[in-house]
Amino acid sequence: MAASEINALYEQARTGDPVKEDLLFKALTVRFRLFARQRVWSEVDADEVVQEALTAISREYQAQTFTVSFSAWAYKVLDNRILDYMQKQKRRSGKFDHLTAAESVAAAHRDNQYIDLKRRLLACLEKVGTANVRYARILNLQYQGYTTQEICGRLDLTATNFYTVLSRARSLLAACLQQGDVDS
């Protein structure tokens, strides 16, 4: 279900239509599970995070006035719950408490490598988007958890064309990560 459809369901649910409210939360549950499972590796924990987000949304959505769309706000609520979960996990594990000074330096170095990889990945995604906007859009929609059919419908593509464009986009991204440049 597209964000515009979720926003339309929100408008109908906000008026008090229980059927539309049920449809809205079912649609959010499906989308949120896809989104959360990409970020939280434990399926049980991901479902728990989704339930916390849906609970918060159900308490607040009728009273909110949005400067952005309902869908964007709802995803931000979920994103905040995921960040809270990650912070709790980090505190529980006592990540660096038991390490010696040398091990702490090594662990911090490993974490910095992930930060460098994230920076390189974001830079490469920007380069891929500059080389071809369609590539970036398809990568983004797939990352958000949209199905092939939904992406094809949004971008007016055939499934074969979608897989071709996705393959090219991934190849450009991989080349950029390896070499630091994108050749379109």
Going through region 1-14 in order, the residues found to be surrounded by fewer than 17 Cβ atoms within 10 Å (Cβ to Cβ) and either farther than 25 Å from L83 by Cα or at pLDDT 85 or above (or both) are S4, E5, A8, E11, Q12, R14
Pick out the one residue from V68, V49 that is outside any loop (DSSP other than H, G, I, E, B) and either in the same structural domain as G145 (by TED's automatic domain parsing) or aliphatic (A, V, I, L, M) (or both).
V49
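Just to be sure, is D181 charged (D, E, K, R), at pLDDT below 80 and part of a loop (DSSP other than H, G, I, E, B)?
On the way: charged (D, E, K, R): yes; at pLDDT below 80: yes; part of a loop (DSSP other than H, G, I, E, B): yes.
Against the criterion (charged (D, E, K, R), at pLDDT below 80 and part of a loop (DSSP other than H, G, I, E, B)), D181 qualifies.
Identify all residues within region 39-71 that are touching a residue at least 40 places away in the same chain (Cβ under 8 Å), within 19 Å of G16 (Cβ to Cβ) and surrounded by 16 or more Cβ atoms within 10 Å (Cβ to Cβ); write none if there are none.
Y61, F70, listed by residue number.
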Find the residue count for region 89-130, including only residues that are at pLDDT 75 or above and over 23 Å from the mean Cα position of the chain (by Cα).
0
Test V165 against the criterion of being modelled with pLDDT of 85 or more and either surrounded by 11 or more Cβ atoms within 10 Å (Cβ to Cβ) or not in a helix (DSSP H, G or I) (or both), and give yes or no.
yes
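Anything in region 138-162 that is of a type in the set (A, V, I, L, M), free of Cβ contacts under 8 Å to residues at least 12 places away in the same chain and assigned to a helix (DSSP H, G or I)? List them, or say none.
A159
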Could you grab me the full set of residues in region 15-28 that are touching a residue at least 24 places away in the same chain (Cβ under 8 Å) and either closer than 19 Å to D84 by Cβ or among the basic types (K, R) (or both)?
L28
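The values are calculated or read from the model by the stated rules, or taken from the named source; none is laboratory data. Please read all numbers here as calculations on a predicted model, not as lab measurements. Note that we place each Cβ from the backbone using ideal geometry, even for glycine, and neighbour counts take in every protein chain shown.
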